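Participant: What follows is a structure written as structure tokens; I'll ask about it next.
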Protein chains: 2
Amino acid sequence: MGFIEEVRTFLGDYVITRKEDLIPYMNDASYFTGEMPDAVLLPGSAEDVQRIMRLAYKYEVPVVVKGGGSSLTGSSILKGHGVVISMLRMNRIIDVNLNDKCVIVEPGVRLDDLERFLDGYGHFYPPDPASSRSATVGGSISTNAGGLRGVAYGVTKDWVLGLDVVLADGTLVKFGNRTLKRSAGYDMTALMIGSEGTLGVITKAYLKIWPKPERIARILAFFRTIDDAGKAISEIKEHTIPEMAEFMDKISLDSVPEAITYPDGTNYALIVDASGPVETLQRRKDQIESILKRYAIETWSTTDEKEMNRIYLARKGLYASILRLRKNENEYIVIGDIVVPVSELPSTLKEIEKARDGDGVRSALFGHIGDGNIHANIFADLSDEEAMARVNRFMMDMAMIAVKHGGSVSAEHGIGIEKRKLLIEEMRYNDNMRTLDLMKSIKHLFDPKNILNRGNIFEQDAGSDS
Amino acid sequence: MGFIEEVRTFLGDYVITRKEDLIPYMNDASYFTGEMPDAVLLPGSAEDVQRIMRLAYKYEVPVVVKGGGSSLTGSSILKGHGVVISMLRMNRIIDVNLNDKCVIVEPGVRLDDLERFLDGYGHFYPPDPASSRSATVGGSISTNAGGLRGVAYGVTKDWVLGLDVVLADGTLVKFGNRTLKRSAGYDMTALMIGSEGTLGVITKAYLKIWPKPERIARILAFFRTIDDAGKAISEIKEHTIPEMAEFMDKISLDSVPEAITYPDGTNYALIVDASGPVETLQRRKDQIESILKRYAIETWSTTDEKEMNRIYLARKGLYASILRLRKNENEYIVIGDIVVPVSELPSTLKEIEKARDGDGVRSALFGHIGDGNIHANIFADLSDEEAMARVNRFMMDMAMIAVKHGGSVSAEHGIGIEKRKLLIEEMRYNDNMRTLDLMKSIKHLFDPKNILNRGNIFEQDAGSDS
């Protein structure tokens, strides 16, 4: 019996091998297409995952672990032969405890489902990537996802208390637990967060939850120049923490005309939330809006749930709405995801726009400006080699602008296969190649046969450097 | 030339070798006494640290890195021959930027000095161990320190954006930077936090800072039974996040009679802070106090700065004040530092008290109850072998009670040499020994010659397992 036959003995019909059923597993939300997997495996329990990994280890079968498939960097597609492990069957919410401020879930739970569940308890789990409808807990942990609430609440790494993990050889380990703190050896939980499936398979997550803010007010501000928008957010951050602070350029705004209209002269907009107890909301909103007014053409605010939601969903849906602005069928979207210190935003944004125009690409700019995170959604015609060269040049230019401003080539999407070169350039620029070597050594330590999400973060042969 | 002579060529008088000058470096704040170091080295820059480590690596000289010396587990004392590297000369606050919500400091900065500095900007760095007067940034990162503000703000790991680190062989690496988020390979910053000096020497820290809460109200509540106190805090946590939630038993209260008086029948007290904008403070305070009233003999609250400070300092000074209750000169304090999920507090506390009485030891119980963290300050006569056996039995009993309630043997003090056995028992109980092996392998990867804080977390020979 071979690997797949052995897995079938305990997974039965949850081993998919029909070609037409495998096709959907060749892609994530990026423009990359992976190899056709030999099979897709759908474990229903940690024990299933253990048995799969024991066999994968024995037969040296590469596996890719996949959640909702919303990765934007090719991190959940196969880069060679092997199988896909889909975690979508493991989608139970196991327990919630408000005293402990902890919810225990399986990795296949979708973030929006978790949000709805916790909403019933007046609580929430802050990480909120725009893809939350399809993104899973496991996938968002694997990329250290951020999202719209990052400016106030930090990112995934700040909200994971513990993880159960199946290692490459099938051993189940427990990293952390449901306590709110611990200092008992190295923080293995943290090492897993953002490791993009390269160190182990998450089978259970202990997440910290938080009471929902009592009230929110949403402010829209429209700007003539990128400098004005950057300065406004910088000044707001000097005085207070907004609940949310998002940025959209004109292309982004034009992709959602039904949700946001803007005054003449607008080239950029900010969406800024003030939050607080009912008695304080007005003052908080006025404080933020008065700063915005100093730089903006116009501001507009609301506390109406429906209107707030319309704006929120428009911002969250930008990836899809910008996709509708494609000029032809061959165009895909390549996404830049850089981060800089907030004080560096005005100059960074100006340089990125200049590089975009210089490189001759069409790209929308938007992002989580409150924590210094800018996305560039670049229109890319994969069939046009020369155009793709320009796109890649802009991706590299944008990344290095971020690095030169003290930032990083990836804020919240991870490296996947898309940003491997960018990561190397960041390390090289900072005279920090040893850090990359250490990462590769850790990969080799956890996964000596290099079977877990091979090719993610590092090139294919990366596991064997140390 | 030997190691010390070579170091003297660039450190000059900052190499201490006179015996009487070395003695203060044999201890930390625990009851352990370490070996007399061959020398104490006081680097003034990252470059100094690099040169020291290059030589230590070449000569295979074990080093212990020491901050303020406030470790409670023997983690900054020498367990064999070697030298101490004191980081106290590297105590510059390099930069602060409110837009970026980041302060950049050298590791030798004392936490109270940082607090005073940031106070001038209306900001603070939340980790707040009781030893903040002497504890340094580097030391508190190395133990993932928590403290009094943990219930609202989390622990050190939530507030470190990046670290410059000198590795065992003298290479300077940069883990993270001053951006608020990043997803670019493994989170090496997080791996350093809580590693107790075993993986590298921190030479610079990029810390996240936060605006100070506008207003605080402090509530004292006195309870007859531990069950009442535990239930009160559990119920508060179900509804809101207090700014602080501290617990003291009667022995602790009796050590600070000038600061806190209590009504008849009191066996336990809680100190709970409500915080918020000025308009909301009263409502928040009332909400918390009304829950406390349901379980307490009496409650008392204040917003007077002086009175609040008196109570705060009494709580913060418990280690010293309890020390004054020693019955004889031979008595030291051994400190338990367990953590459990908040919902497990009532039963955990009862079992700990029962174990204490059963084991026949005298111990004060207090701690950061809001995040489930209980300290036991145990009176221990080091000269009385039989008494010490009882103390050690209680330490183990308390640790295992925590583990059985889903908790951990160390919440915020780290493992050091004191809790190495407890860590093993925690791992064994959870069928999680592989995690300990992984930690040892990481240690070996970073420090193949086992020269960095040898004997911390793991036994002496631990570095060479993998």
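Participant: Tell me, which residue of the range B:324-349 that is surrounded by fewer than 22 Cβ atoms within 10 Å (Cβ to Cβ) and under 15 Å from B:Ile233 (Cα atoms) is modelled with the lowest pLDDT?
Facilitator: Residue satisfying both the conditions and the ranking: B:Pro346.
Participant: Can you tell me which condition B:Val173 does not meet? The list is (1) more than 9 Å from every other protein chain (Cβ to nearest Cβ); (2) not in a loop (DSSP other than H, G, I, E, B), and all the others hold.
Facilitator: Among (1) more than 9 Å from every other protein chain (Cβ to nearest Cβ); (2) not in a loop (DSSP other than H, G, I, E, B), B:Val173 violates only (1).
Participant: Can you tell me which residue in the range A:303-318 is farthest from A:Leu349 (Cα to Cα), limited to those that are touching a strand residue (DSSP E or B) at 6+ places or on another chain (Cβ under 7 Å) and surrounded by 15 or more Cβ atoms within 10 Å (Cβ to Cβ)? It would help to see each step written out before you state the result.
Facilitator: Looking only at the range A:303-318, we keep the residues that are touching a strand residue (DSSP E or B) at 6+ places or on another chain (Cβ under 7 Å), and these are A:303, A:308, A:311, A:315, A:318.
Checking which are surrounded by 15 or more Cβ atoms within 10 Å (Cβ to Cβ) leaves us with A:308, A:311, A:315, A:318.
Numbers: A:Met308: 27, A:Ile311: 23, A:Arg315: 19, A:Leu318: 19 Å.
Out of the qualifying residues, it is A:Met308.
Participant: Would you point out the residue of the range A:115-169, among those that are at the interface with another protein chain (Cβ under 10 Å from one of its Cβ atoms) and among the aromatic types (Phe, Trp, Tyr), that is surrounded by the most Cβ atoms within 10 Å (Cβ to Cβ)?
Facilitator: If we take residues in the range A:115-169 being at the interface with another protein chain (Cβ under 10 Å from one of its Cβ atoms) and among the aromatic types (Phe, Trp, Tyr), then A:Trp159 is surrounded by the most Cβ atoms within 10 Å (Cβ to Cβ).
Participant: Can you tell which of B:Gly358, B:Gly367 is within 14 Å of chain A (Cβ to nearest Cβ) and either at negative phi or crowded, with 24+ Cβ neighbours inside 10 Å (or both)?
Facilitator: Details: B:Gly358 fails: within 14 Å of chain A (Cβ to nearest Cβ).
It is B:Gly367.
Participant: Exactly one of these conditions fails for A:Lys101: (1) more than 14 Å from chain B (Cβ to nearest Cβ); (2) more than 19 Å from A:Val165 (Cα to Cα); (3) not polar (S, T, N, Q). Give me its number.
Facilitator: (1)
Participant: Do we have any residue at all in the range A:378-385 that's within 14 Å of another protein chain (Cβ to nearest Cβ) and of a type in the set (A, V, I, L, M)?
Facilitator: Of the range A:378-385, the ones within 14 Å of another protein chain (Cβ to nearest Cβ) are none.
No: the range A:378-385 contains no residue that is within 14 Å of another protein chain (Cβ to nearest Cβ) and of a type in the set (A, V, I, L, M).
Participant: Next up: Being more than 9 Å from chain B (Cβ to nearest Cβ), among the acidic types (Asp, Glu) and crowded, with 24+ Cβ neighbours inside 10 Å, is that true of even one residue in the range A:256-268?
Facilitator: Step one: list which residues in the range A:256-268 are more than 9 Å from chain B (Cβ to nearest Cβ), which gives A:256-268.
Narrowing the set further to residues that are among the acidic types (Asp, Glu) leaves A:258, A:264.
Add one more test, that the residue is crowded, with 24+ Cβ neighbours inside 10 Å, and what stays is none.
No, the conditions are met nowhere in the range A:256-268.
Participant: When A:Thr179 is evaluated against the numbered criteria (1) touching a Pro at 6+ places or on another chain (Cβ under 7 Å); (2) within 26 Å of A:Arg362 (Cβ to Cβ), which criterion, by number, is the only one it fails?
Facilitator: (2) is the only condition that A:Thr179 fails.
Participant: Out of (1) in a loop (DSSP other than H, G, I, E, B); (2) buried (at least 24 other Cβ atoms within 10 Å of the Cβ); (3) hydroxyl-bearing (Ser, Thr, Tyr), what's the single condition that is false for A:Ser383?
Facilitator: Single failed check for A:Ser383: (2).
Participant: A follow-up question, please. With the requirement that a residue be surrounded by fewer than 23 Cβ atoms within 10 Å (Cβ to Cβ) and facing another protein chain (nearest Cβ under 9 Å), what does the range A:404-420 give you?
Facilitator: Correct list: A:Gly406 only.
Participant: Here is a check on your reading of the model: is A:Asp437 within 11 Å of another protein chain (Cβ to nearest Cβ) and part of a helix (DSSP H, G or I)?
Facilitator: Numbers: within 11 Å of another protein chain (Cβ to nearest Cβ): yes; part of a helix (DSSP H, G or I): yes.
Yes, satisfied.
Participant: Say whether the condition of being aromatic (Phe, Trp, Tyr), closer than 30 Å to A:Asn377 by Cβ and modelled with pLDDT of 95 or more is met by at least one residue in the range A:140-153. Step through it out loud before you land on a result.
Facilitator: Residues of the range A:140-153 that are aromatic (Phe, Trp, Tyr), as a first pass: A:153.
So of that shortlist, the ones also closer than 30 Å to A:Asn377 by Cβ come out as A:153.
Going one step further and asking which of them are modelled with pLDDT of 95 or more, we end up with A:153.
Yes, some residue in the range A:140-153 is aromatic (Phe, Trp, Tyr), closer than 30 Å to A:Asn377 by Cβ and modelled with pLDDT of 95 or more.
Participant: Filter the range A:180-217 for residues that are in contact (Cβ under 8 Å) with a residue 60 or more places away in the chain, more than 23 Å from A:Asn450 (Cα to Cα), facing another protein chain (nearest Cβ under 7 Å) and crowded, with 23+ Cβ neighbours inside 10 Å and give the result.
Facilitator: Of everything in the range A:180-217, just one residue is in contact (Cβ under 8 Å) with a residue 60 or more places away in the chain, more than 23 Å from A:Asn450 (Cα to Cα), facing another protein chain (nearest Cβ under 7 Å) and crowded, with 23+ Cβ neighbours inside 10 Å, namely A:Leu180.
Participant: Of the residues in the range B:405-446, how many are under 17 Å from the mean Cα position of the chain (by Cα) and on the phi > 0 side of the Ramachandran plot?
Facilitator: Qualifying residue count for the region: 2.
Participant: What is the one condition in (1) touching a strand residue (DSSP E or B) at 6+ places or on another chain (Cβ under 8 Å); (2) closer than 25 Å to A:Thr33 by Cβ that A:Ala269 does not satisfy?
Facilitator: Evaluating A:Ala269 over (1) touching a strand residue (DSSP E or B) at 6+ places or on another chain (Cβ under 8 Å); (2) closer than 25 Å to A:Thr33 by Cβ leaves (2) as the failure.
Participant: Every residue in the range A:61-107 that is touching a strand residue (DSSP E or B) at 6+ places or on another chain (Cβ under 8 Å), among the small types (Gly, Ala, Ser) and over 20 Å from A:Ser131 (Cβ atoms), please.
Facilitator: A:Gly82
Participant: Now a separate question. Listed residues A:Phe223, A:Phe247; which is aromatic (Phe, Trp, Tyr) and in contact with a His (Cβ under 9 Å, 6 or more places away or on another chain)?
Facilitator: Details: A:Phe223 fails: in contact with a His (Cβ under 9 Å, 6 or more places away or on another chain).
Unique residue meeting the criteria: A:Phe247.
Participant: Out of (1) more than 30 Å from A:Pro263 (Cα to Cα); (2) buried (at least 20 other Cβ atoms within 10 Å of the Cβ); (3) over 22 Å from the mean Cα position of the chain (by Cα); (4) of a type in the set (Gly, Ala, Ser), what's the single condition that is false for A:Ala221?
Facilitator: All conditions pass for A:Ala221, except number (1).
Participant: So which residues in the range A:237-250 are at pLDDT 95 or above and either touching a Lys or Arg at 6+ places or on another chain (Cβ under 8 Å) or within 14 Å of chain B (Cβ to nearest Cβ) (or both)?
Facilitator: The answer is A:Pro242, A:Glu243, A:Met244, A:Ala245, A:Glu246, A:Met248.
Participant: Of the conditions (1) part of a helix (DSSP H, G or I); (2) buried (at least 22 other Cβ atoms within 10 Å of the Cβ), A:Lys293 clears all except one; give me its number.
Facilitator: That leaves (2) as the condition not met.
Participant: Working carefully through the options B:Ala269, B:Ala232, find the one that is among the hydrophobic types (A, V, I, L, M, F, W, C) and either over 23 Å from B:Glu305 (Cβ atoms) or in contact with a Pro (Cβ under 7 Å, 6 or more places away or on another chain) (or both). Before the answer, list the steps.
Facilitator: Working: B:Ala269 fails: either over 23 Å from B:Glu305 (Cβ atoms) or in contact with a Pro (Cβ under 7 Å, 6 or more places away or on another chain) (or both).
The match here is B:Ala232.
Participant: Could you please find all residues in the range A:28-45 being buried (at least 18 other Cβ atoms within 10 Å of the Cβ) and among the hydrophobic types (A, V, I, L, M, F, W, C)?
Facilitator: A:Ala29, A:Phe32, A:Ala39, A:Val40, A:Leu41, A:Leu42
Participant: Which one of these does B:Arg294 not meet: (1) more than 14 Å from every other protein chain (Cβ to nearest Cβ); (2) charged (D, E, K, R); (3) under 30 Å from B:Asn456 (Cα atoms)?
Facilitator: (3)
Participant: Of the numbered conditions (1) in contact with a His (Cβ under 7 Å, 6 or more places away or on another chain); (2) part of a helix (DSSP H, G or I); (3) of a type in the set (Asp, Glu), A:Glu351 fails exactly one; give the number of that condition.
Facilitator: Result: A:Glu351 fails condition (1) only.
Participant: Moving to a separate point now. Return the only residue of A:Ile401, A:Ile378 being β-branched (Val, Ile, Thr) and farther than 27 Å from A:Gly197 by Cβ. Steps first, answer last, please.
Facilitator: Values: A:Ile378 fails: farther than 27 Å from A:Gly197 by Cβ.
After ruling out the rest, the residue left standing is A:Ile401.
Participant: Further question: Being loosely packed, with under 14 Cβ neighbours inside 10 Å and either of a type in the set (Asp, Glu) or assigned to a helix (DSSP H, G or I) (or both) is the filter here, so list the residues in the range B:4-19 that pass it.
Facilitator: Residues satisfying the conditions are B:Glu5, B:Thr9, B:Gly12, B:Asp13, B:Lys19.
The values are calculated or read from the model by the stated rules, or taken from the named source; none is laboratory data. Just so it is clear, the model here is predicted, and its values are computed rather than measured. Every residue, glycine as well, gets a Cβ built from its backbone with ideal geometry; the counts of neighbours run over all protein chains shown.
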